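In what follows, a structure is listed as structure tokens, so that the remarks can point back to it.
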Amino acid sequence: MLFTPTIVNNILGGLGNLLHISNILFVLLGTLIGLFVGAMPGLSATMAIALLLPLTFGMDAATGISMLAALYMGAMYGGSISAILIKTPGTPAAAATVLDGYPMAQKGQAGKALGISLVASTIGGLISGVALLLVAPILGNLALQFGPVELFAVGVFGMTIIGSLTDKSVIKGLLSGLFGLLIATVGMDTISGTARFTFGILNLYAGVPFG
């Protein structure tokens, strides 16, 4: 059974914590910050969470997690604002929004495009939240079985997705993906700690700087 009495009690307890006035205020604050961060090209939701994480250390656990989750969801939608209006994705996840959103903005339908993006983000967030709640234990067991072969297959799959997004030239898309992968290999290996393609330059030990 997916919904055992223990799971139901945990869900009701979580909802009870979330509906506190203080938690709702921090959720609204996190959403506003997320919208701002997502709409700023170059700032990602992950970066915002990393920067604001120290602020949650003094909060209650439920309040801090709710704020960070709201920040992440707000940033996911905020990335579509700049993608639709100025053809520059605010977050990497909004890259595909440019393909349909910006042409609508050129036709004077920017408000409609933003509304569609908001509705899609809301529905997607609700569905993904419920799906995660139901299949999280199964995904946990599956993730423990992932080895080097499976991770390599996921990487190859990601490269093919990059190629599929460039409808005019698949080869150019794959080459750009390979070039990005080459840049990502510069720096210290996260597992072995070996320096790769640094050529003795200390500034490259942390990877290629983008700022």
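Laboratory data are not the source of any read-out in this text; all were calculated from the coordinates shown. Just so you know, these numbers come straight off a predicted model, no measurement behind them. Glycine also receives a Cβ, built like all others from the backbone with ideal geometry; neighbour counts cover every protein chain displayed.
For the reader, a short list of remarks on this structure follows.
- Mean-position separation - Cα centroids, region 126-199 and region 80-106, in angstrom: 23
- Label zone (residue 170, point 7 Å along Cα-to-C-beta; backbone nitrogen cut-off 20 Å) within region 82-101: 96.
- Residues whose placed amide H lies under 5 Å from that of residue 196, excluding near-sequence neighbours: 187, 188, 189
- Relative pair counts by distance (%), Cα atoms of the chain, 10 Å bins: 7, 21, 32, 28, 11, 1
- Environment charge at residue 84 (Cβ cut-off 11 Å; Lys +1, Arg +1, Asp -1, Glu -1): +1
- Stretching residue 12 away from residue 185 to a fully extended chain increases their span by 57.8 nm, per 0.36 nm per residue minus the current alpha-carbon distance.
- With the helix formula -39500 (n - 2.57) applied to DSSP H stretches of n ≥ 4, the chain reaches a computed 222 nm mean residue ellipticity of -23500 deg cm²/dmol.
- FRET efficiency, residue 95 to residue 131 (Cβ-Cβ, R0 22 Å, nearest 0.05): 0.45
- With all pairs of separate Cα atoms included, region 1-91 yields a Kirkwood hydrodynamic radius of 14.0 Å.
- Maximal additional length on extending the residue 22-residue 160 stretch stands at 45.2 nm, based on 0.36 nm per residue less the C-alpha distance.
- Spin-label model, residue 203 to residue 47: label points 7 Å out along the Cα-to-beta-carbon direction sit 1.8 nm apart.
- Fully extended contour minus Cα-Cα distance, from residue 151 to residue 112, at 0.36 nm per residue: 10.1 nm
- Whole-Hz Karplus values for region 128-137 come out as 5, x, 5, 4, 5, 4, 7, 10, 4, x Hz, taken residue by residue from phi with 6.51 cos²θ - 1.76 cosθ + 1.60 and θ = phi - 60°; glycine and proline positions read x.
- Residue-wise HN-Hα coupling along region 147-155, computed from phi with Karplus coefficients 6.51, -1.76, 1.60 (Hz; x: Gly, Pro): x, x, 5, 5, 5, 5, 5, 5, x
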